[in-house]
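First up is the structure itself, then whatever we jot down about it.
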Amino acid sequence: MEHFFAKQRLSGVVTETGSVTPTMKRVKIACDALAGVPVLPGRHVRIEINDPLSLYGILRPGETLRTYSVWDHSEAGGEFEIRAHLYDGDGIGLRWARDVQEGEHLAFWGPLGDFELQQDASYHLFVGEETAAAAFGSMIRALKPDAPVYGLLESETADDEVPLPGNHPMTRVHRRGASAVSSSTLLKALSELDLPGEPGAAYVAGEARTGQAVRNHLVNERSWPRAQVKVKPFWTPGKRGLHH
């Protein structure tokens, strides 16, 4: 079923918007075609910002679609919520997220993706910054109630911390003006993070270079099997519309 929707252009309407933090916006979208359709955790949708078949879209294919993680969904009503990071900068996705309002109609592809949970892991480790938190919400919510969960979440300041489901131990660190690219803030905190002696399952998302460095630390410094570390790059400097 998921593969079917990945190839289909669906229509939806924005039913609600609001602020999660000063730099995170939530957008609820209703789509009749998704009523009764399960959405697996860690999935995303690709919002059509500009028509790919228009002259503009043909000349600038990289300026047509943007990807957003599904934070939550209501299977019965076909409604889902995405969360968009309002970073400092420019771009079609950022402008859309800032300006979108209740009642607007839109087109999208998905939900789709392969950011899978490993339910039988001895514990689960989530590492990333604000953009990663949008994906982590649905994944943590889908875990068994007694599943051990650890987290290392970076944000610009304490005001930008994205709340996550459950009452799990989450280490929070703040950049305070430092770069999120190859984040030294996150990597230093990871090197000091107290984890069980044996490897679990790690889910790493956000900036691409930081994700690679996190994986290298877990594999090379903590002897985790590479297959136990799943990395999803959501963005990196110089690349627009990076796919999940």
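The values are calculated or read from the model by the stated rules, or taken from the named source; none is laboratory data. Quick caveat: nothing in here was measured; it's all calculated off a predicted structure. No Cβ is skipped: glycine too gets one built from the backbone with ideal geometry, and neighbour counts run over all protein chains shown.
Taking (1) closer than 18 Å to residue 130 by Cβ; (2) touching a Phe, Trp or Tyr at 6+ places or on another chain (Cβ under 6 Å) in turn, residue 66 satisfies each apart from (2). Taking only region 174-184 into account, find how many residues are crowded, with 19+ Cβ neighbours inside 10 Å and either out of contact with any Gly (no Cβ under 8 Å at 6 or more places or on another chain) or under 23 Å from residue 121 (Cα atoms) (or both). Final tally of qualifying residues: 1. In the set (1) surrounded by 13 or more Cβ atoms within 10 Å (Cβ to Cβ); (2) within 21 Å of residue 15 (Cα to Cα); (3) free of Cβ contacts under 8 Å to residues at least 12 places away in the same chain, the condition left unmet by residue 99 is number (1). A single entry from 161, 154 fulfils the requirement of being of a type in the set (Asp, Glu), at pLDDT 95 or above and surrounded by fewer than 21 Cβ atoms within 10 Å (Cβ to Cβ): 161. Whether a residue is loosely packed, with under 15 Cβ neighbours inside 10 Å, under 22 Å from residue 181 (Cβ atoms), in the same structural domain as residue 206 (by the TED database) and not acidic (Asp, Glu) was assessed, and residue 134 does not pass this test. Only residues that are crowded, with 20+ Cβ neighbours inside 10 Å and aliphatic (A, V, I, L, M) were counted across region 185-225, and they come to 8. Keeping to region 124-151, report how many residues are in contact (Cβ under 8 Å) with a residue 40 or more places away in the chain, in a strand (DSSP E or B) and among the hydrophobic types (A, V, I, L, M, F, W, C). Counting residues in region 124-151 that are in contact (Cβ under 8 Å) with a residue 40 or more places away in the chain, in a strand (DSSP E or B) and among the hydrophobic types (A, V, I, L, M, F, W, C) gives 3. Of all the listed residues (214, 219), the sole one being over 20 Å from residue 133 (Cα atoms) and in a helix (DSSP H, G or I) is 219. Screening the candidates 178, 121 for the property of being touching a helix residue (DSSP H, G or I) at 6+ places or on another chain (Cβ under 9 Å), part of a loop (DSSP other than H, G, I, E, B) and without any contact (Cβ under 8 Å) to a residue 24 or more places away in the chain yields one hit, 178. Just checking, does region 76-90 include any residue being in contact with a His (Cβ under 6 Å, 6 or more places away or on another chain), modelled with pLDDT under 95 and under 28 Å from residue 176 (Cα atoms)? Looking for residues that are in contact with a His (Cβ under 6 Å, 6 or more places away or on another chain), modelled with pLDDT under 95 and under 28 Å from residue 176 (Cα atoms), one finds none in region 76-90, hence no.
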